[in-house]
Structures are given as C-alpha cells and as structure tokens.
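The values are calculated or read from the model by the stated rules, or taken from the named source; none is laboratory data. Small disclaimer: the values here were computed from a predicted structure and weren't measured. Every residue, glycine as well, gets a Cβ built from its backbone with ideal geometry; the counts of neighbours run over all protein chains shown. Remember, those area values only see protein heavy atoms, side chains included, never the ligands or the DNA or RNA. Shrake-Rupley method; radii C 1.70, N 1.55, O 1.52, S 1.80 Å.
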Amino acid sequence: IIIYHCCFHGIFHNSVQNITTIEHINNFIMGFMGYFGKWGVDIFLLITGFFMINSEFKLKHAVKTYLYLLFYSLIFLILAFIIGSHHVSSHNLNCSLFPLFGSNYWFMSNYIFLYLLIPFLNIFLKSLNKKNALNYIMLTSAIFCIIPTFTGGGISCGNLGFFIYIYSLGAFIRLGILNFLFNKKLLKILLVFSILFISLYIMTYIIPNDYINMRKTCKYTNMNSPIIIILALYCFNYFKSLNIKHNKWINSIASSVFGVYLIHDNNFVRPYMWKRLVHFININSVYCIFNIIGICLIVFFVCILTDKIIKVFIEKHFEKISIYIDMKTANIYQKLTGKTENN
C-alpha cells in the first residue's frame, strides 16, 4: 500500500517522462507494483469478514479505533497550523475535526461504520442457506463489481456498500459456502489472466506516456474490479492454507500498521512527504525500483516507531475511555430493555 501511495501520489503525480528505454521499463514496474497495492483494501476486508463472522462484537474496539483516528487528525492539524496556517483549507480543517465524516481517512471512516454494522450483518449472513447465499453474492457482485467496471454505471452505494460486499465474501469463505472458488486449477488460470490483463493495461497507458488518460480509465484496476478481487481472493487463500505459527515480531508490527496508515496517508503529510521523497528517485536509473522499495521501507518503519512511541503515552488512556463508553452503552441498553447485553 505504501508503494502504491509512493507511485501514484508521488512519482506519477509529478511526471511520467518515458524518454528512454529504462524509463519505460521502470514506469511499467512501478505501475505493476502500484496496482498490487489495491489488493490491500480487499484483503483486509476479507480478513475482517473471515474472522468476525464467528467473533463477538465489542463496541470498545470501534471507540478505540475512532480515538486514534481523531488523535492523529488533530495532531497533524495542529502541526499544519504551526508550520503555516495558510496551508490549512476549510476542507482540511473540517476533515481533521470530524475525521469520521471527512475524506481525510476514507478507508477508516468506512471501516468503522462497517464494524458497527457487523452484529446485524452476521445475523443476516448466517440466516442464509447456501442457495440464497450464492444468489446474494451474484447479485452484489453485479452491483458492486461487474456493472461499475465494465459499463461505468451501476447503483451508487458508496464505499460502505462495497465494504459490506467484500466482508460478506470473507464471511462466506469461513462458513464454507464459497469453497468452490478455491479450486487450484481455476485459481491459477484466473491469476495468470489477471496478471496478463494488468500488464497489458499498464503498457497501454504508462508506456506511451498517457498517464492522464490512464487515471480516467483505471476502473479495471480499482479495488472493486473483478480482476483485483480475484487477485485478493487468490492471495487470501494462499496464506490461509499456510500453517503460520505465532510470531511476536509479526504481531508487534501488525499492531502498528493502523498507525502507519494514519501517519503516512494524512492529508497534510501525504503531499509534503512524497513531494520531497520523489526527488531521491531517478526514473532513468537501473536502481530506481530498489530506491522506491528502500524509501517505502524507511517510511514503513519510521511510522511504526512513531506509533510505538505515541502508544506509550496514550494507549492506556484510550483503553480506559473505550471501556468506559462500552460500559455506559451496556447500562443504557439494560435500562431500555430490562436485559443485560449478553442476554
């Protein structure tokens, strides 16, 4: 995902020269790596559906996530004012003060609303028999993937509707309803087709220096494209089949990837950071791709370190606030219904 942001918010946002053969090759590789970043959204939602369909919903998790969202939004807003208030537009001000309803963190805004809907989604999804579940998947696939991708039209349900769709796919994988999709021969055929399609697509627009037109027609490689969803399903199934043992380093890093997203993709940080970092990347160099990977790794680990340090000071306070709000909500529910939340 960071590589995607580096390529499309940084390098491609400034220029795609394609003067030499090396630049042609580098732009192709960057476009290829960048589009693989679209997997991130779909895979994360598949994971959420896979685990949450049989897990207990806890309001404190949503509250804690929102507190971090608000914290980072306000921190970078304050820094923007300190650096120079003329850089803060009214739009960015509103997005920072009300991050759940702004475009500053579009993914987390939709994800929190998805999480709040999980108790109701699980009841609905578990109530479907196999036939109705498959009909539901076919209908939602047409609405959110096939029609928008190949016609440019479709029903406008926003990102939240698409999030619910991918969550449902992950849930049905856990429930065993979509086992037929993971036929090894079928997946390999779809994988090869998807990679070839993306390769041809990138060569069509990046190679002839038609990046402007590519941005207008990138519907085939958006997160709701059947191509990207197929790749996400393949990747998800591969790692699901592995016997991965407990690893404290992976878990430690994983606990801060949310912070990595909130730090490096903030509206104030994004243009400031990538505009300066891309100056260290020479598109006309055989080391270009290695430079990109190196810069993205630095961004990744600096953000992790920053998040770890910040958590030392705020983690326990956010935990207490989250538990308090969760308890208050449970008490209100008990008074209104005369039942405990567990009942």
Report task. Can you send over the carbon and sulfur percentage of the accessible area for the chain, probe radius 1.4 Å, protein chains only? Result -> 68 percent
Report task. Report the paramagnetic label zone for residue 101: residues of region 53-68 whose backbone N is under 17 Å from a point 7 Å from Cα along the Cα-to-Cβ axis. Result -> 66-67
Query raised in the report: Where does the chain land on the Kirkwood hydrodynamic radius, alpha-carbon pairs, in angstrom?
Result: 22.2 Å
Query - For region 287-300, 3J(HN,Hα) per residue [Karplus equation, 6.51 cos²θ - 1.76 cosθ + 1.60, θ = phi - 60°, Hz, x = Gly/Pro] - result: 9, 4, 5, 5, 5, 4, 4, x, 4, 5, 5, 4, 4, 4
Report task. Write down the Å³ per residue value for the convex hull defined by the alpha carbon atoms of region 1-140. Result -> 160 Å³
Query raised in the report: If Lys and Arg each add +1 and Asp and Glu each add -1, what is the summed charge of the other residues whose beta carbon sits under 10 Å from the beta carbon of residue 229?
Result: 0
**Report entry** Sum of side-chain charges, residue 195 neighbourhood, beta-carbon under 14 Å (Lys, Arg +1; Asp, Glu -1)
**Finding:** +2
Query - Candidates per chymotrypsin sites (Phe, Trp or Tyr not before Pro) in region 249-332, loop by DSSP, up to 12 other Cβ within 10 Å - result: 287
Report task. For the chain, calculate the relative contact order in percent as a whole number, restricting contacts to Cα pairs under 8 Å that are 6 or more residues apart. Result -> 31 percent
Report summary line: Per DSSP, the loop-located trypsin sites (Lys or Arg not before Pro) within region 281-343 having at most 13 other beta carbons within 10 Å are 339
Query raised in the report: Taking 0.36 nm per residue of separation and subtracting the Cα-Cα distance, what length does fully extending residue 188 through residue 317 add?
Result: 41.7 nm
Report summary line: Beyond 23 Å (Cα-Cα) in this structure, taken from 248/316; 58/126; 131/240; 64/311, we find 131/240
Requested in this report: Please work out how much length the chain gains when fully extended from residue 123 to residue 22, using 0.36 nm per residue of separation minus the C-alpha to C-alpha distance, in nm with one decimal.
Outcome: 30.9 nm
Requested in this report: Mind giving me the nanometre distance, one decimal, between the label points for residue 331 and residue 141, set 7 Å out from Cα along Cα→Cβ?
Outcome: 4.9 nm
